[in-house]
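Notes to accompany the following structure.
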Amino acid sequence: MKRILFAIGWLSCFALTAGAQTSSDWTQWGGPNGNFKVEAKGLATAWPETGPRQLWSRDLGDGYSSISVEKDVLYTMYRKGEQDVVIALSAKTGKTLWEYAYDAPFTNTKQYNLEQGPGPRATPIIAGDWVFAVGATSKFHCLEKKTGKVVWKYDLYTDLQGFQRPRGYTITPVAWKNMVIVPVGAPGAAFIAFNQKDGAIVWKKHDFKLSYASPILIKVDGQDQLVAFMNEGPVGIDPNDGASLWSYPHQNSTETNASTPVWGDDNLLFGSSAYDGGSFVLKLTRTGNKTTVQEIWAHKLMRMHFGNVIRLGDTVYGTSGDFGPTPLIAVDIKTGQILWRDRSVAKAELLYTGDRFIALDEDGHLLMATPTPTGLKMQAKVEVLKTNAWTPPTLVGATLYVRDRKTIMALDLK
């Protein structure tokens, strides 16, 4: 009987634990589907006053790179002195598995604005046997994901004449087939596709200048497209050969297009920038070999700075504003109507799972809240970090990974 009871208890615990897991790794910017939405089962619907149980926490150097995950290994970047560092950590313990540090001095300090820290800001991505990472000074590396050994590398500025931005390089690469595509902003090489295995240039095209936003892959009426929010506005290109498909003008006074666009199955593309930029929705339609672009609406009532936006149904959500208050705003994607504002949320990075947001605001508060047609239903809010928490959280199974400019930690949301 004791053995039977023990077995029943063990199986119950196993079932509860297994119910909170998924097989989805987080290998790219925006998670499994690139939209900051992820499936997870068995998550708690409330937290104690102290917040979710902390599994581990450790010091990490400066930087805003988000956290990629594959098979119990985390990958991110940080700054150490005049070096940028790509690091692999155990997802279970936070211990360093390997790290690769390289010299990355800001040699022309007049060209850079380091007021909010030196970065790095881009996120390492995982494809095949490799990790691809770009640092703040544009040094681009392909590393073996198991060892951190350099496979090949480029300096996007000095080797390829890339366009240099005041906040440094911030854009996360995109893996496509056997290539990795990187916005560079060089003359005749706004985008460059490299062979993942050896770094050979497959194609390079266009003269668009860089902004700060990371690109996304979408499908327009059956055609794969890479959408990038460049300095002059969003553009669509064919990821296979770099051919230009469409463009749309959208600038602001500070040349800060920094928030990743959002795509929907209804062929609506949402984009937004802060300052005097505002938001827009475009309808993309593919007829024959041509993509047509129709502006559905545009206004300046929602202005995304660098935070992410999530679309649920016909509503997009994001914390809007540059300086001063940055409330969470809900906008009807088809009309541009502001549905509600919630000023209890500071500037925050969002992810969505189940029926709720898990958000990390810039002051280090972790929030759990459910959006409703009339407002936000807050379930929990607790401080977990301290300094400029501008990095989107990463959720794999029931474990949430968060960081600020000093600390990285894992939290159990079961």
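The values are calculated or read from the model by the stated rules, or taken from the named source; none is laboratory data. Keep in mind that this is a model prediction, so the values were computed, not measured. When we count neighbours, we look across all protein chains shown, and the Cβ atoms used for this are built from the backbone with ideal geometry, even at glycine.
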Worksheet item: If you check ASP155 against the conditions, is it over 21 Å from the mean Cα position of the chain (by Cα) and over 27 Å from TRP390 (Cβ atoms)?
Response: no
Worksheet, complete the sentence: Only unsatisfied item for VAL220, checking (1) among the β-branched types (Val, Ile, Thr); (2) under 26 Å from TRP152 (Cβ atoms); (3) touching a residue at least 60 places away in the same chain (Cβ under 8 Å), is (2)
Worksheet item: All but one of (1) farther than 26 Å from ALA122 by Cα; (2) in contact (Cβ under 8 Å) with a residue 40 or more places away in the chain hold for GLY321; which doesn't?
Response: (1)
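If we keep just the residues of region 98-113 that are part of a loop (DSSP other than H, G, I, E, B) and either polar (S, T, N, Q) or without any contact (Cβ under 8 Å) to a residue 12 or more places away in the chain (or both), which is nearest to THR254 (Cα to Cα)?
Step one: list which residues in region 98-113 are part of a loop (DSSP other than H, G, I, E, B), which gives 104-108, 112-113.
Going one step further and asking which of them are either polar (S, T, N, Q) or without any contact (Cβ under 8 Å) to a residue 12 or more places away in the chain (or both), we end up with 107-108, 113.
Numbers: THR107: 23, ASN108: 20, ASN113: 13 Å.
Out of the qualifying residues, it is ASN113.
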Item to complete: Can you work out which of the residues in region 38-67 that are in contact with a Leu (Cβ under 7 Å, 6 or more places away or on another chain) and buried (at least 21 other Cβ atoms within 10 Å of the Cβ) is nearest to ALA398 (Cα to Cα)?
Response: ALA40
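Quick check on SER259: is it under 17 Å from the mean Cα position of the chain (by Cα), closer than 17 Å to ALA213 by Cα, at pLDDT 95 or above and assigned to a loop (DSSP other than H, G, I, E, B)?
Working: under 17 Å from the mean Cα position of the chain (by Cα): yes; closer than 17 Å to ALA213 by Cα: yes; at pLDDT 95 or above: yes; assigned to a loop (DSSP other than H, G, I, E, B): yes.
Judged against the criteria, SER259 is a match.
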Worksheet entry | strands (runs of 3 or more DSSP E) wholly inside region 140-251 that include at least 2 residues being hydroxyl-bearing (Ser, Thr, Tyr) and modelled with pLDDT of 95 or more | 244-247
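Report yes if some residue within region 270-279 is assigned to a loop (DSSP other than H, G, I, E, B), exposed (fewer than 15 other Cβ atoms within 10 Å of the Cβ), among the aromatic types (Phe, Trp, Tyr) and free of Cβ contacts under 8 Å to residues at least 60 places away in the same chain; otherwise report no.
Quick first cut of region 270-279, residues assigned to a loop (DSSP other than H, G, I, E, B) only: 274-277.
Retained after the next criterion (residues that are exposed (fewer than 15 other Cβ atoms within 10 Å of the Cβ)): 276.
Within this subset, residues satisfying the condition of being among the aromatic types (Phe, Trp, Tyr) are none.
No; the residues of region 270-279 include none that is assigned to a loop (DSSP other than H, G, I, E, B), exposed (fewer than 15 other Cβ atoms within 10 Å of the Cβ), among the aromatic types (Phe, Trp, Tyr) and free of Cβ contacts under 8 Å to residues at least 60 places away in the same chain.
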Discussion item. If I go through region 343-355 residue by residue, how many of them are among the basic types (Lys, Arg) and touching a residue at least 24 places away in the same chain (Cβ under 8 Å)?
Written reply: 1
Worksheet item: Would you pick out the residues in region 115-124 that are surrounded by fewer than 18 Cβ atoms within 10 Å (Cβ to Cβ) and in contact (Cβ under 8 Å) with a residue 40 or more places away in the chain?
Response: GLN116
Discussion item. Among the residues of region 237-244, are any of a type in the set (Val, Ile, Thr), more than 22 Å from GLY336 (Cα to Cα), surrounded by 22 or more Cβ atoms within 10 Å (Cβ to Cβ) and touching a Lys or Arg at 6+ places or on another chain (Cβ under 9 Å)?
Written reply: yes
Fill in: Residues (part of a loop (DSSP other than H, G, I, E, B) and either among the aliphatic types (A, V, I, L, M) or within 10 Å of GLN196 (Cα to Cα) (or both)) located in region 126-139
GLY128, ASP129, ALA136
Worksheet, complete the sentence: Of the residues in region 306-333, those that are modelled with pLDDT of 95 or more, part of a loop (DSSP other than H, G, I, E, B) and touching a Phe, Trp or Tyr at 6+ places or on another chain (Cβ under 8 Å) come to ASN308, VAL309, ILE333
